[in-house]
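Structure first, commentary second.
The values are calculated or read from the model by the stated rules, or taken from the named source; none is laboratory data. As the structure is a prediction and not an experimental result, all values here were calculated from the model. Neighbour counts run over all protein chains shown; Cβ positions are idealised from the backbone, glycine included. These area figures cover heavy atoms from the full protein model, side chains too; ligands, DNA and RNA do not enter into them. Shrake-Rupley method; radii C 1.70, N 1.55, O 1.52, S 1.80 Å.
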Amino acid sequence: MSSNLVKGTAILSIGLFLSKALGLLYVIPLYAMVGEENLGLYQYAYIPYNIMLSFAISGMPIAVSRYVSKYNALGDYQAGRKLLKSSQWIMIGSGIVSFLLLFFLAEPIAQIVRADDEQVFTVDEIAGVIRLVSFALIVVPFMSLTRGFFQGYQQFTPTAVSQLIEQIVRILFVLAGVYIVLNYTEGSEKTAISFAVFAAFVGAVAGLAVLYYYWRREKPQMDSLLAESTRSGDIRLKDMYRELIVYIFPIVLVGLANPLFQFVDMLTFNRAMASIGLASVSDGQLGMLNFSTHKIVMIPVMVGTAFSMAIIPIVTGYYTKGDKPGMTRSLDQVFQIVAFLTLPMITGLMILSDELYHLLFEQSRTGADILRTYAPAALLFALYSVSGSILQAIDRHKWIILNLLIGLFLKLVLNMPLIRMFEAEGAIYATIIGYGAAVAMNIGVAISTLRYRSRMVIRRTILILLFNAVMGLAAWAVLQGLYLFGEADGKGDAFLYTLITAIVGAAVYAVLALRSGLAQKLFGDRLKRITKKFGM
């Protein structure tokens, strides 16, 4: 296993975890200020924004990361630098075009979303938040490209730090802006939400400033490598982009998967709910599904996201050199660590769904049920990111497109019937079926192409499942014991019950993983040295 993969993934995981954690925690004061109902307006802005952003970026950052890694491995540092200079202008142009498109398409999108007069938000309110969030598209594509270039050099710290600063600045702007609107301008909660979505632009500017700092710091070292380039670097731009275009479209689809699944909900959920007489609660439940519970569920997913970002340039290097043993070791490690870290978090979310939703938002049976049902989808989200990235690294781009389209088709066909049967949980079942099909086909293609077989991964996955079962049983027993003292009626009780149950669950899982030696095998010599000090 490459130490660069472990180190890179660790850096990205820490950065993503902090970013996701902040992205969840800020919702608590925001929720308190604007209420659950108005958070639905917030998510109406970000789903079309994320889709347009994926098109604006067009897979270029990951493609550049892969291209730079490939030619750096061959000693040609000039090729990557040449590509960076030309692609910067492309990203600036695509950002401006995507901004204009989303800005002027805001009203047509809002008209589709508002399916019934009983819904809470008007067409003008939905269109307004979409227009305001669109300004971030001017900056984010260029910023993402720069992150991809750094990752091509296997420098993951600039990405992690810039993501974290971007999130911090965005959150501060959201909370300060909403507070000022509500307390000093006598504006409504809906006006405050409209102001808050503009924070995406402000945060992006801050993230770009961080990347500029790292560029100034690292440029001398990069220039020294450029001077030692073993090739002439005279590859034509036409040839560069021909190579990039081959796999850019699949990269776009991998990044688009989650927003597209959410967009299906955005277009169909309100209509399905209206058809069974629930239009008045449709906006609120869609907000729970695509915003509040989604933010919680995406925390385990950051493990898979970190691996998908780190694995592409590293596996591409193995693939370019024909090092199949190195690639196999990397894949073994990736699948095991994703399962090891993601599954216990999912188990915890399911057991503590009532307490977590109460703690973060409010006491809501509907919200807790949606969270409990939605939590297992986190594993599929993580595996999709990883498996899609593996197919990109081994040039199986057509399969990425086909597999996602099949999954999305299943989601589209099943969504409205399942929503009519199970309400919001029906949308989750459709997502799980669609994602499950796409993940299974992605992994099947990777196994077939690489002739990848690993009984060790199967055995250890079974072991991880057993550990989770023991941990889950222990955590559930502790929670039931706490209920003997009464239900968690207040946020203080919810916090206490969550903390105690989580500590017990984490302790049981850690002891099982360390005593069995599994954790040491997955995370290497450094963890072994630490555990030896404690006699493990």
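A few comments on the model shown:
- Accessible carbon and sulfur surface of the chain relative to its total accessible area, %, 1.4 Å: 66 percent
- Our analysis of region 352-505 gives Rg over Rh at 1.07, with the two radii drawn from alpha carbon positions and Rh computed by the Kirkwood formula.
- Spatial separation of Cα centroids for region 180-226 and region 256-281, in angstrom: 31 Å
- For region 165-177, 3J(HN,Hα) per residue [Karplus equation, 6.51 cos²θ - 1.76 cosθ + 1.60, θ = phi - 60°, Hz, x = Gly/Pro]: 5, 4, 5, 4, 5, 4, 5, 4, 5, 4, 5, 5, x
- Peptides 60-66, 198-204, 142-148 ordered by average Cβ neighbours within 10 Å, highest first: 60-66, 142-148, 198-204
- The residue 96 and residue 362 beta-carbon pair, evaluated with R₀ = 35 Å, returns a calculated FRET efficiency of approximately 0.30.
- Dimensionless Rg/Rh of region 425-489 - Kirkwood Rh, Rg from C-alpha atoms: 1.21
- Across 219/295; 324/411; 238/321; 190/295; 82/324, pairs whose alpha-carbon gap is larger than 26 Å: 219/295; 324/411; 82/324
- On a per residue basis, region 28-152 carries 33 Å² of accessible surface, using protein heavy atoms and a 1.4 Å probe.
- The Cβ shell under 12 Å around residue 69 holds other residues with a net charge of +2, Lys and Arg each +1, Asp and Glu each -1.
- Calculated over region 1-155: convex hull of Cα atoms, volume per residue (Å³): 123 Å³
- Its relative contact order, with pairs defined as Cα atoms under 8 Å and 6+ residues apart, puts the chain at 19 percent.
- Packing-based order for 211-220, 416-425, 487-496, using average beta carbon neighbours within 10 Å, highest first: 416-425, 487-496, 211-220
- Hz values of 3J(HN,Hα) by residue in region 144-157 - Karplus curve (6.51, -1.76, 1.60), Gly and Pro given as x: 5, 4, 4, 4, x, 5, 4, 5, x, 8, 6, 9, 9, 4
- Over the C-alpha atoms of region 349-409, the Rg to Rh ratio, Rh being the Kirkwood estimate, stands at 1.22.
- Nearest-0.05 FRET efficiency for residue 230 and residue 271, computed from C-beta distance (R0 60 Å): 0.50
- Extension gain, residue 122 to residue 491, is 129.6 nm, computed as 0.36 nm per intervening residue step minus the present C-alpha separation.
- The residues of region 341-432 expose, per residue, 35 Å² of accessible area to a 1.4 Å probe.
- Distance histogram for region 82-220 (every C-alpha pair counted, 10 angstrom bins, percent rounded to whole numbers): 12, 32, 31, 18, 7, 1, 0
- Calculated on alpha-carbon atoms, Rg and Dmax of region 32-85 in Å: 19.2, 56
- Each residue of region 75-85 was assigned a 3J(HN,Hα) from its phi angle through the Karplus curve 6.51 cos²θ - 1.76 cosθ + 1.60 (θ = phi - 60°); the sequence is x, 9, 7, 5, 4, x, 5, 5, 5, 4, 4 Hz, with glycine and proline shown as x.
- Pairs of alpha carbons in region 471-520 whose separation is greater than 18 Å (percent): 37 percent
- A 1.4 Å probe run over region 161-282, with the rest of the protein chains in place, finds 48 Å² accessible per residue.
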